[in-house]
Amino acid sequence: MGTENNNLPSYLRIAQKIERHILQGKIAKGHKLGSIRQMAKREAVSINTIRSALETLTQSGIINSVPRIGFVVSYQRADADNSPFENFTPDSRLAEPSKRWLTTMVMGNRGSNPHFHMAVPTDSKMFMSFQRQFQQAIMQNLKRETDNSSGFSKLRKILSEQLALRNCHVNAADIQITNGCQHALEHALRVLCKAGDTVAIPVPAFPGYFALLGVLGLKALEIPMSPLGPDPIILEQVMRDNSVKAVILNPNCHNPTGITLSDAYKQQIASWATKYQTPVIEDDINSMLNFVGNPPSLISSYDQQGWCLMVSSISKVLGDTERIGWCCPGRFKTEYMTQFAVSQISSSYFSQQALTRYYLGSLYQNQLRNWRLEIKVATTAVTLRLLEKLGDKIQITQSTGGYALWIKLPDQLSAQQLLERVDLQKIDFLSGELFSLEPRFKQFIRLTIMPPLEEGTLQGVDHLIAAIKQAL
Ligand SMILES: Cc1ncc(COP(=O)(O)O)c(C=O)c1O
């Protein structure tokens, strides 16, 4: 939209005015616009005129409509500080099984407030529907349909159909059912690497990757991230040099930053994987939690020659109590499935049967849509609260989906100092240090917001805000 023009229809004139304020930085990213009614009063126009103006701005991606919250600015000025991302020169080092991550996340030892845990509540509608299917599967006569160690064939068929809707064409026979995403990843690394090899990982990254590398005696080569994803120049260089045996990428609703790579970048990565024959392990675990539209595309959708191994699971949608994940191992199918058959002679029956029934039933799509909306509402409300109370003292990445917010704390404050100042029964978060092998992210935290958004969530966030303010 150009400069002001009084011959324009009112809605376009108002859209231009709001746009100008946003572009000039008068209304910053993450801020909420006033209510439609207030704006109509202020501009002396009808509510419908304001609605049309906001619709125009939403279509151009400058603002975003968030149910129960209103219109929020999504545009970030090009000159704005992108410092929730750190720049550095990559250098590989041997991973150690991350003791901190294991004791914090896996062995328990965390605060008790479920609003801030990466664990889908068992009273979520989705989990309860899945549980009902489980009960029904158990009540039926057991007809063994799991014909081999690759998993329940009907489930593999549905997964293949779901992937086809995302333009990713994989035969059901080429999908291995696993006990979760971490399990699928472990086998991918075992197939591709041997002890002492190096794996490239853009950071910040899910701490479980480093723990896995540590157990397998592998080195990590960390790659810096920008708001568009892994630094493309460094990523290509690393893939071209053949200095790594694999790259682990989490391209959709990335944990912890919430970034989704563009289709063009995904296509580019797939072409590098083929050209340089560098395998890409594509972790797709969060893609069903994206805030807008259909599940995003995959790097694997563009992979013609099977250099991508896609791994995923139900953990982020239905919870991680039932261990179901999968891997599409591409050209490594024979090695992957053989290795799997050796380590796991058969596979679990009832949970795979229940998942198949749930996917085929009438509730899944609607419940998923509603859940995604709840996540969007909860994370947006928390982002707004933090920005409103702390302003530019903190920086938060723009999430496209998932439960995580990646936050850079004020300069004087480290995540560890903040952890010592808060009551973990009220608020809980992970120190950024867990998201790299190097001490790069001491000043960062990953805050997980688990829907539904309740009073306890906002009280916890207010406690965090008070602790940050006190520390300054
Ligand atoms: C990015 C990412 N990948 C993999 C996993 C492991 O998932 P699963 O529970 O399916 O093993 C997680 C768990 O939090 C994750 O965040």
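The values are calculated or read from the model by the stated rules, or taken from the named source; none is laboratory data. Since we're looking at a predicted model, the values are computed, not measured. Here the Cβ is made from the backbone with ideal geometry for all residues, glycine too, and neighbour counts use every protein chain on show.
A few comments on the model shown:
- Listed by position, the helices (runs of 4 or more DSSP H) inside the stretch 198-294 whose residues that are hydroxyl-bearing (Ser, Thr, Tyr) and under 19 Å from the mean Cα position of the chain (by Cα) number at least 1 are 207-216, 263-276.
- Within the stretch 267-295, restricting attention to residues that are out of contact with any Cys (no Cβ under 9 Å at 6 or more places or on another chain) and closer than 30 Å to Leu318 by Cα, the residue that is surrounded by the most Cβ atoms within 10 Å (Cβ to Cβ) is Pro295.
- Residue match in the stretch 397-404 (condition: outside the structural domain of Pro296 (by TED's automatic domain parsing), aliphatic (A, V, I, L, M) and more than 30 Å from Thr198 (Cα to Cα)): no
- Screening the stretch 213-230 for residues that are free of Cβ contacts under 8 Å to residues at least 60 places away in the same chain and of a type outside the set (Gly, Ala, Ser) and picking the one that is farthest from the ligand (Cβ to nearest atom) gives Leu228.
- Restricting the stretch 40-55 to residues that are in contact (Cβ under 8 Å) with a residue 24 or more places away in the chain and aliphatic (A, V, I, L, M) leaves a set whose member that is surrounded by the fewest Cβ atoms within 10 Å (Cβ to Cβ) is Val45.
- For the stretch 412-441, filtering for residues that are part of a loop (DSSP other than H, G, I, E, B) and either in contact (Cβ under 8 Å) with a residue 60 or more places away in the chain or surrounded by fewer than 15 Cβ atoms within 10 Å (Cβ to Cβ) (or both) leaves 14.
- Looking across the stretch 313-322, the residues that are near the ligand (Cβ under 8 Å from one of its atoms) and not in a loop (DSSP other than H, G, I, E, B) come down to Ser313, Ser315, Lys316.
- Which listed residue is more than 16 Å from the ligand (Cβ to nearest atom) and in a loop (DSSP other than H, G, I, E, B), from Lys194, Lys157: Lys194
- Of the residues making up the stretch 324-350, those that are touching a strand residue (DSSP E or B) at 6+ places or on another chain (Cβ under 8 Å) and within 16 Å of the ligand (Cβ to nearest atom) number 7.
- Index of the failed condition, Ser399 passing every other in (1) farther than 23 Å from Phe88 by Cα; (2) not in a helix (DSSP H, G or I): (1)
- Residues in the stretch 300-312 that are within 16 Å of the ligand (Cβ to nearest atom) and in contact with a Pro (Cβ under 6 Å, 6 or more places away or on another chain): Leu309 alone.
- Count of the stretch 163-189 residues which are within 15 Å of the ligand (Cβ to nearest atom) and in a helix (DSSP H, G or I): 9
- Just one residue in the set Leu213, Leu185 is buried (at least 19 other Cβ atoms within 10 Å of the Cβ) and modelled with pLDDT of 95 or more; that residue is Leu185.
- Residues in the stretch 19-51 that are in contact with a helix residue (DSSP H, G or I) (Cβ under 9 Å, 6 or more places away or on another chain), part of a helix (DSSP H, G or I) and at pLDDT below 85: Glu19, Ile22.
- Here Asp392 does not fit the description of being over 28 Å from Asp303 (Cα atoms), outside any helix (DSSP H, G or I) and either at pLDDT below 95 or not assigned by TED's automatic domain parsing to the domain that holds Gln182 (or both).
- Residue in the stretch 105-117 that is more than 16 Å from the ligand (Cβ to nearest atom), out of contact with any Lys or Arg (no Cβ under 8 Å at 6 or more places or on another chain), modelled with pLDDT of 70 or more and not assigned by TED's automatic domain parsing to the domain that holds Pro227 present: yes
- Test: residue in the stretch 269-278 that is within 16 Å of the ligand (Cβ to nearest atom) and outside the structural domain of Gly432 (by TED's automatic domain parsing): no
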